[in-house]
Amino acid sequence: MLDMTPKTITERKSLRVNPAKTCQPVGAMYAALGVHRCMPHSHGSQGCCSYHRTFLSRHFKEPAIATTSSFSEGACVFGGGSNLKKAVKNIFDIYNPDIIAVHTTCLSETIGDDLNALIRELEIPQGKLVIHTNTPSYKGSHVTGFGNMMAGFINYLSEKSAVSNGKIGIFPGFVNPGDMHELKRMAKSMGVKYIMFPDTDGTMNTPITGDYQMYPKGGTTIDEIRQLGGAKHILALGELTSMIPAMEIKKKCDVDSTALPYPIGVEATDKFLMSLSKLSGKAITEELEEERGQLLDIMVDSHAYYGDKRVAISGDPDTVLGLAAFCLELGMKPKYMLTGTPDEKFTKLAKEMLLKYGVTDCIAKANADLFELHQLMKNEAVDLLIGGTHCKQIAKAEDVPFVRAGFPIMDRYVHSYMPLVGYRGAMRLAELMGNALMDRQDRDAEDKDLEMVM
Amino acid sequence: MSEGILEVRKKSIMVKNTGCSGDGTGIDCEKASVSGAVSQRACVYCGARVVLNPITDAFHIIHGPIGCSSYTWDIRGSLSSGSEIYRNSFSTDLREKDIIFGGAKKLTAAIDEVVDKYSAKLIFVYATCIVGVIGDDVEAVCREAENKYKIRVIPVKAEGFSGTKKQGYKLACDAVMKLIRPYKITDKKGQHGLNILGDFNLAGEMWLIKNYFKKIGIEVVSTFTGDSSHENLLKAPQAALNVVQCAGSSMYLANQMEKEFAIPFMKVSFFGIEDTSASLMQVAHLLGDEQVIAKAEAFTKKESARLRKFMAQYKPKLAGKKAAIYVGGGFKAISLIRQFNEMGIETVVVGTQTGRKDEYEIIQNIVNDDTVILDDANPAELEYFMKIKHADILVGGVKERPLAYKLGIAFCDHNHERKHALGGYEGVENFTKEINLSINSPVWEYMTAI
Ligand code: SF4
Ligand code: SF4
């Protein structure tokens with residue numbers, strides 16, 4: 001029923017069908033929610049803000065707070081300056097955050113509001129802060145917005161320092177609170193002094209207490225963002241996602257960064273831990289070594305079920321790259337790697353990775369949409385599909401096993417609490433993928449062939 | 001009043017006993033949100049989209065940057081018995097160069113591609129905020145496409161900033177009128193049966209209601225817009241009556257159709273036993289002969305008796321509990337308060353996003369004296385009042401769910417994410433079961449600290 005996708009692929013130049021991306025402000029809002037006592041503020045019409053909050057709530061199953069400038073027709077003619085002024089006053093009066101993180105929308109960008117000037121003119125209460133970033137959605141995607149918001153914080157707050165404070169900055173990328181938690185756990189296990197920025201572990205995965213905390217106890221503190229300027233080095237995870245803030249911290253505070261892939265799978269996690277170890281002088285702990293060994297043990301035990309399986313992966317660029325890397329380690333064959341985010345660096349990195357494993361028939365595309373992915377899958381089928389919720393129509397239409405990973409996942413629970421990164425994250429991924437493939441094998445088996453031990 | 005409530009917002013809040021003038025003039029509704037509020041309010045485009053989206057074989061093209069279309073892709077939960085085209089997301093995904101040089105050409109090309117690929121017959125083109133600012137002549141593009149392809153391409157100029165969701169409803173109604181106006185019939189005698197307005201077939205609710213009418217012998221001509229199709233909508237002018245379920249979204253359409261097609265309308269509600277039975281009986285009296293009336297009487301009696309028995313089992317588990325309501329329209333809030341009354345649950349807080357003055361008036365009349373009534377509430381306000389009023393359950397939409405849970409309050413989604421039909425007699429069962437499941441879930445037992 002849901003299948004109205006024709007098999008024949010014709011070129012589309014103007015029409016976007018079933019997007020695999022969304023707009024910058026969602027990313028900006030998510031980044032700002034990873035800062036302690038911060039109110040994300042959407043400078044534009046109320047509708048955008050309402051959509052963005054809903055979108056985040058659907059994925060995280062958490063309240064996602066943000067305020068809006070509530071543009072009217074007047075604001076479109078005269079600019080949104082007075083709306084922002086009113087908004088900022090109201091926000092501090094009533095919601096009392098420590099900092100307001102303003103992002104723009106298509107509308108305020110198009111009418112040309114100059115946020116630098118507008119913010120300079122604001123009356124900001126003593127001890128409070130207002131920062132901003134530009135997030136026009138007609139450029140990039142939500143991933144770009146995430147990076148831009150981080151750069152906005154750095155630009156306003158991070159302080160250049162002559163002496164290093166010895167801390168390692170970790171930019172986790174656009175990942176779940178569960179991932180950020182796992183990254184911190186690994187760093188803590190090694191005794192590394194770090195600053196995780198942003199950090200939604202503790203803001204977007206809060207426990208039930210019977211009280212609603214508008215500002216939960218998690219999140220990178222303003223002080224920590226300041227200190228980023230004196231960090232020894234930054235590990236910028238996500239070679240596309242964290243590039244903008246990495247450049248910003250270099251420019252503003254002359255702090256160097258190492259760009260790393262998301263630590264998904266064995267090799268990428270190795271790289272992350274080794275970099276962490278090298279930079280901090282702390283050894284990789286036995287605990288982590290043991291986890292690595294366990295992961296390898298699992299991979300060896302189950303490798304027969306993954307081997308040569310063709311897989312289609314869709315999602316945010318660094319997530320897709322990370323998932324593909326682990327699939328390759330398991331002996332699977334990525335057939336399609338698609339992201340909606342327009343960035344050709346994705347294609348380049350994908351090709352390099354595939355080449356290393358000798359996979360030559362994988363189609364890797366940026367600026368693509370799910371309609372295209374569906375058409376591709378109709379022409380050459382795969383054994384497994386990995387992506388966000390929006391892939392479920394394709395999975396159903398093509399009757400392909402489907403593993404949900406990435407953003408957004410709006411039709412399942414628990415995912416945001418659990419990691420994909422690190423050795424533990426890889427174990428979880430192996431389990432998710434293995435279960436999907438093996439459930440399918442059981443489902444399709446003739447009664448006589450149904451295996452009890454697999 | 002508490003901290004957490006803006007001075008300018010105080011007019012939008014009242015406690016029945018104090019701030020209220022008794023005639024609904026006490027509340028400050030029908031306004032855009034305050035700058036800086038954590039508003040739950042959606043935009044004009046959102047309103048237009050939710051009303052038109054359930055037209056199952058229409059192509060909905062969003063002319064604007066990607067976000068506006070991403071967020072509205074297949075989220076409403078309207079079911080279809082036919083085409084699934086409406087569940088796809090089509091947009092022009094405007095990029096920077098389109099913003100600078102204009103997006104009209106891209107829109108033309110997008111329409112060409114849709115027609116080319118799917119031989120589309122009906123296309124709605126939604127213009128979002130920045131299209132209004134960059135000044136694309138969307139109407140001209142649509143007109144050209146209509147002439148070129150001899151199909152319907154209807155522009156919906158839904159710039160989000162030009163108002164609230166309600167203006168969007170109106171735009172949607174205008175678009176529907178544009179579509180069906182040419183099919184006006186002059187012969188009044190030819191009119192028969194009814195149209196159902198303002199039901200979007202969430203979780204198949206339209207099917208339930210259609211089935212009731214079938215049972216009592218009344219023909220349903222066309223539906224707006226749940227499970228509707230292009231062809232089916234065009235028959236609407238042939239109906240003898242319009243029944244309006246969600247008045248907030250479709251009253252305007254009913255008015256228009258009365259003016260232009262001389263089709264009278266009546267407001268109905270299919271939420272709760274009382275409302276459902278009363279609505280069916282009213283329609284039977286208006287349109288049916290004695291036989292129809294007798295059938296309707298028998299049917300509503302049988303169903304009511306069955307459900308009263310059903311509810312009696314739940315009453316002991318629910319009586320004395322307290323509910324908070326936060327929904328889009330005032331009419332729905334009214335239905336919910338009535339349903340809670342039937343369950344023995346008292347409504348202690350009630351808020352709407354777009355309630356009208358006359359609806360707030362009715363609300364005031366059917367709640368207890370110290371019930372708090374809110375217009376366009378923000379989370380802080382909702383939290384404050386739910387706490388001091390000791391609400392056990394909140395009925396709301398997606399943004400309120402996590403808030404309720406954090407407070408340890410049960411929750412029921414009465415919006416796009418409803419899990420099953422909540423309308424009609426079956427809906428009473430589902431709703432009661434869901435309320436009971438949530439209020440009496442074992443998980444609340446563990447809420448105290450270890
Ligand atoms: S106008 Fe821009 S910022 Fe607003 S929802 Fe649409 S794409 Fe996103
Ligand atoms: S840009 Fe305008 S139309 Fe689009 S979501 Fe925002 S307020 Fe609504």
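The values are calculated or read from the model by the stated rules, or taken from the named source; none is laboratory data. Small disclaimer: the values here were computed from a predicted structure and weren't measured. Methodologically, a virtual Cβ is constructed for each residue, glycine included, from the backbone with ideal geometry; neighbour enumeration extends over all protein chains shown. Protein only, heavy atoms only, side chains kept; ligands, DNA and RNA dropped before computing areas. Shrake-Rupley method; radii C 1.70, N 1.55, O 1.52, S 1.80 Å.
For the range A:228-240, enumerate the residues that are closer than 13 Å to A:Ser161 by Cα, in contact with a Gly (Cβ under 6 Å, 6 or more places away or on another chain) and open to solvent by less than 30 Å² (accessible area, probe 1.4 Å).
Scanning the range A:228-240 gives A:Leu228, A:Ala231.
Residues in the range B:363-418 that are at pLDDT 85 or above, in a loop (DSSP other than H, G, I, E, B) and in contact with a Phe, Trp or Tyr (Cβ under 6 Å, 6 or more places away or on another chain): B:Leu407 alone. Looking only at residues of the range A:113-127 that are open to solvent by less than 50 Å² (accessible area, probe 1.4 Å) and assigned to a loop (DSSP other than H, G, I, E, B), we find that the one that is nearest to ligand 2 (Cβ to nearest atom) is A:Asp113. Filtering the range B:204-218 to residues that are in contact with a Ser or Thr (Cβ under 9 Å, 6 or more places away or on another chain) and either among the hydrophobic types (A, V, I, L, M, F, W, C) or closer than 21 Å to B:Asn255 by Cα (or both) leaves B:Met206, B:Trp207, B:Ile209, B:Ile216.
Can you name every residue in the range A:401-454 that is of a type in the set (D, E, K, R) and closer than 30 Å to A:Tyr30 by Cβ? Walk me through how you get there before you give the answer.
In the first step, residues of the range A:401-454 are kept if they are of a type in the set (D, E, K, R); the result is A:404, A:411-412, A:424, A:428, A:431, A:439-440, A:442-444, A:446-449, A:451.
Within the range A:401-454, A:Arg404, A:Asp411, A:Arg412, A:Arg424, A:Arg428, A:Glu431 meet the criteria.
Reported count of residues in the range B:85-111, each being under 31 Å from the mean Cα position of the chain (by Cα), free of Cβ contacts under 8 Å to residues at least 24 places away in the same chain and open to solvent by less than 50 Å² (accessible area, probe 1.4 Å), is 1. Total residues in the range B:128-145 satisfying the condition of being of a type in the set (Asp, Glu) and either within 16 Å of ligand 1 (Cβ to nearest atom) or crowded, with 21+ Cβ neighbours inside 10 Å (or both): the figure is 1. Within the range A:43-74, the only residue that satisfies the criterion of being more than 7 Å from chain B (Cβ to nearest Cβ) and over 25 Å from the mean Cα position of the chain (by Cα) is A:Gly74.
Can you find even one residue in the range A:374-381 that is farther than 16 Å from A:Lys335 by Cβ and open to solvent by less than 20 Å² (accessible area, probe 1.4 Å)? Full working, then the answer.
So the first thing to find is which residues in the range A:374-381 are farther than 16 Å from A:Lys335 by Cβ, and the list is none.
No - not one qualifying residue is present in the range A:374-381.
Kindly evaluate B:Gly82 against the criterion of being away from ligand 1 (no atom under 15 Å from the Cβ), more than 10 Å from chain A (Cβ to nearest Cβ) and open to solvent by 10 Å² or more (accessible area, probe 1.4 Å).
On the way: away from ligand 1 (no atom under 15 Å from the Cβ): yes; more than 10 Å from chain A (Cβ to nearest Cβ): no; open to solvent by 10 Å² or more (accessible area, probe 1.4 Å): yes.
No, not satisfied.
Evaluating B:Lys121 against the criteria (1) touching a helix residue (DSSP H, G or I) at 6+ places or on another chain (Cβ under 6 Å); (2) more than 26 Å from A:Gln24 (Cα to Cα); (3) buried (at least 21 other Cβ atoms within 10 Å of the Cβ) leaves one unmet condition, (3).
Assess whether B:Tyr405 counts as being over 15 Å from B:Phe271 (Cβ atoms), open to solvent by 10 Å² or more (accessible area, probe 1.4 Å), within 14 Å of chain A (Cβ to nearest Cβ) and without any contact (Cβ under 8 Å) to a residue 12 or more places away in the chain.
Details: over 15 Å from B:Phe271 (Cβ atoms): yes; open to solvent by 10 Å² or more (accessible area, probe 1.4 Å): yes; within 14 Å of chain A (Cβ to nearest Cβ): yes; without any contact (Cβ under 8 Å) to a residue 12 or more places away in the chain: yes.
When the stated conditions are applied, B:Tyr405 passes them.
Taken together, A:Ile208, A:Ile225 contain a single residue that is open to solvent by 70 Å² or more (accessible area, probe 1.4 Å), farther than 25 Å from A:Leu330 by Cα and touching a Phe, Trp or Tyr at 6+ places or on another chain (Cβ under 7 Å), which is A:Ile208.
Restricting attention to the range A:98-111, the residues that are open to solvent by 20 Å² or more (accessible area, probe 1.4 Å) and more than 16 Å from ligand 2 (Cβ to nearest atom) total 1. A:Ser72 is checked against (1) at pLDDT below 90; (2) crowded, with 21+ Cβ neighbours inside 10 Å; (3) within 16 Å of ligand 1 (Cβ to nearest atom) and fails just one. What number does that condition carry? It is condition (2) that A:Ser72 fails.
So, of the residues in the range B:146-165 that are more than 21 Å from the chain's Cα centre (by Cα) and open to solvent by 10 Å² or more (accessible area, probe 1.4 Å), which turns out to be nearest to ligand 2 (Cβ to nearest atom)? Break it down stepwise before answering.
Residues of the range B:146-165 more than 21 Å from the chain's Cα centre (by Cα): B:146-155.
Subset that is open to solvent by 10 Å² or more (accessible area, probe 1.4 Å): B:146-152, B:155.
Values: B:Glu146: 24, B:Asn147: 27, B:Lys148: 27, B:Tyr149: 26, B:Lys150: 30, B:Ile151: 25, B:Arg152: 22, B:Pro155: 14 Å.
Here the answer is B:Pro155.
Just one of the numbered conditions (1) over 26 Å from A:Pro419 (Cβ atoms); (2) surrounded by fewer than 21 Cβ atoms within 10 Å (Cβ to Cβ) is not true of A:Gly331: (1). On the basis of being within 20 Å of the chain's Cα centre (by Cα), surrounded by fewer than 24 Cβ atoms within 10 Å (Cβ to Cβ) and among the charged types (D, E, K, R), does B:Asp369 make the cut? For B:Asp369, the condition - within 20 Å of the chain's Cα centre (by Cα), surrounded by fewer than 24 Cβ atoms within 10 Å (Cβ to Cβ) and among the charged types (D, E, K, R) - is not met.
Select the strands (runs of 3 or more DSSP E) contained entirely in the range A:335-412, then report the ones holding at least 3 residues which are among the charged types (D, E, K, R).
No strands (runs of 3 or more DSSP E) qualify here.
Which residues, counting only those in the range B:131-142, are more than 16 Å from ligand 2 (Cβ to nearest atom) and not in a loop (DSSP other than H, G, I, E, B)?
Taking the range B:131-142 and keeping what is more than 16 Å from ligand 2 (Cβ to nearest atom), we get B:137, B:139-142.
Those that are more than 16 Å from ligand 2 (Cβ to nearest atom) and not in a loop (DSSP other than H, G, I, E, B): B:Glu139, B:Ala140, B:Val141, B:Cys142.
Checked against (1) under 24 Å from the mean Cα position of the chain (by Cα); (2) within 24 Å of A:Phe174 (Cβ to Cβ), A:Lys335 passes all but a single condition, namely (2). Screening A:Leu118, A:Leu107 for residues that are within 26 Å of A:Ala151 (Cβ to Cβ) and within 9 Å of chain B (Cβ to nearest Cβ) leaves exactly one candidate, A:Leu107. For the range B:299-337, the set of residues classified as part of a helix (DSSP H, G or I) and in contact with a strand residue (DSSP E or B) (Cβ under 6 Å, 6 or more places away or on another chain) consists of B:Gly330, B:Ala333, B:Leu336, B:Ile337, listed by residue number.
From the list B:Glu445, B:Glu383, B:Glu400, the one residue that fits, being within 14 Å of chain A (Cβ to nearest Cβ) and without any contact (Cβ under 8 Å) to a residue 12 or more places away in the chain, is B:Glu445.
Annotation note: of A:Leu129, A:Leu107, the sole residue that is within 18 Å of A:Thr68 (Cα to Cα) and either away from ligand 1 (no atom under 14 Å from the Cβ) or of a type outside the set (A, V, I, L, M) (or both) is A:Leu129. The set of residues from the range A:14-54 being within 10 Å of ligand 1 (Cβ to nearest atom) and either open to solvent by 10 Å² or more (accessible area, probe 1.4 Å) or part of a loop (DSSP other than H, G, I, E, B) (or both) comprises A:Thr22, A:Cys23, A:Gly44, A:Ser45, A:Cys48, A:Tyr51.
Within the range B:170-220, the set of residues being of a type in the set (Val, Ile, Thr) and surrounded by fewer than 20 Cβ atoms within 10 Å (Cβ to Cβ) comprises B:Ile185, B:Thr186, B:Val220.
With respect to (1) open to solvent by less than 30 Å² (accessible area, probe 1.4 Å); (2) within 10 Å of chain A (Cβ to nearest Cβ); (3) over 29 Å from the mean Cα position of the chain (by Cα), the lone exception for B:Val114 is condition (3).
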